[in-house]
Amino acid sequence: MTIGSEQTKTKSARLIKKLCVFCGSSFGVRFEYREAAIQLGRHLANSGIALVYGGARVGLMGVLADSVLVGGGQAIGVMPRSLVEKVIAHTALTQLHVVESMHQRKALMVDLAGAFVLLPGGFGSWEEFCEVVTWLQLGLHQKPCDVLNVASYYDALMSLTAHAVAEGFLQASYRESVIVEENPQQLLSQLGTAALPMEGKWVTTKER
Ligand code: AMP
């Protein structure tokens, strides 16, 4: 599903070489969540797109990285030293960047990747995704931020963002710039052509 008014958007084909995925450090209760992570990993490997992610071997994060590596792809982890010391880092990654803080981790992930995708997860995944969408709103980057809505997991998020638009807390163009897809391959095929808002979100007092 792609929603969009063309008024404030730019549509340009981009070559995405690295995709940053935010996903749960848990597995979730449904088999579909693991299956989607496996499929996405497989498609990334087949497409020659490197994975950038949190570097863990736990939950969907580990499933995704394993799938990329088994498929012959590249998996790049970015992890704060404090988490590496808890021995949850994946030990077979193409590359593991060890940073000093969660803030440095997010900044490096944004630098490395050409696009971002949210898979099912909890607060950690949501926080990371909301931050990259916020940075898009502020014009700090021009990289697509999309959602893989596995088993309708993010229907509630879509309802919340529609409510935020209706209540005047979110500009429709930013909501519409987020592609929401159920199928990993379809999501990947749309990544490089996503329409992104051209204007920053700054709202003048007159507009309010
Ligand atoms: P959550 O969705 O709350 O499970 O958090 C997952 C997200 O937060 C991932 O994208 C990671 O960047 C980060 N995160 C949470 N837990 C861990 C962990 N045990 N190891 C590495 N990163 C984690």
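Is it fair to say Leu112 is more than 20 Å from Ala36 (Cβ to Cβ), away from the ligand (no atom under 13 Å from the Cβ) and in contact (Cβ under 8 Å) with a residue 40 or more places away in the chain?
Judged against the criteria, Leu112 is a match.
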Would you mind finding the one in Ser189, Ser177 that is touching a Gly at 6+ places or on another chain (Cβ under 9 Å), among the hydroxyl-bearing types (Ser, Thr, Tyr) and either more than 15 Å from Cys23 (Cα to Cα) or modelled with pLDDT of 95 or more (or both)?
-> Ser177
Going through region 127-141 one residue at a time, which ones are touching a residue at least 60 places away in the same chain (Cβ under 8 Å) and either closer than 17 Å to Lys17 by Cα or in a helix (DSSP H, G or I) (or both)?
-> Glu128, Phe129, Val132, Leu136, Gln137
Which pairs have Cβ atoms under 6 Å, sit 6 or more apart or on different chains, and link a residue in region 38-59 that is more than 15 Å from Phe116 (Cα to Cα) and part of a loop (DSSP other than H, G, I, E, B) to one that is at pLDDT 95 or above and within 15 Å of the ligand (Cβ to nearest atom)?
-> Gly55/Gly77; Gly55/Val78; Gly55/Met79; Gly55/Leu96; Val58/Ser25
Restricting region 34-58 to residues that are surrounded by fewer than 24 Cβ atoms within 10 Å (Cβ to Cβ), more than 15 Å from Leu188 (Cβ to Cβ) and not β-branched (Val, Ile, Thr), the residue that is farthest from the ligand (Cβ to nearest atom) | Glu35
Identify, from the list Ala89, Ala75, the residue that is within 18 Å of Ala50 (Cβ to Cβ), more than 13 Å from the chain's Cα centre (by Cα), within 12 Å of the ligand (Cβ to nearest atom) and not basic (Lys, Arg).
-> Ala89
Any idea how many residues of region 17-33 are closer than 16 Å to Gln190 by Cα and buried (at least 18 other Cβ atoms within 10 Å of the Cβ)?
-> 3
Selection from region 67-86 of residues that are part of a helix (DSSP H, G or I) and of a type in the set (Val, Ile, Thr) = Val68, Val70, Val84
Filter result (surrounded by fewer than 16 Cβ atoms within 10 Å (Cβ to Cβ) and assigned to a loop (DSSP other than H, G, I, E, B)) within region 87-121 = Val87, Thr91, Ala92, Thr94, Glu100, Ser101
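Of all residues in region 1-37 being among the aliphatic types (A, V, I, L, M) and assigned to a loop (DSSP other than H, G, I, E, B), which is modelled with the lowest pLDDT?
Among those residues, the one meeting the criterion is Ile3.
The values are calculated or read from the model by the stated rules, or taken from the named source; none is laboratory data. Just so it is clear, the model here is predicted, and its values are computed rather than measured. Don't worry about glycine lacking a Cβ; one is built from the backbone with ideal geometry, like all the others, and counts go over all protein chains shown.
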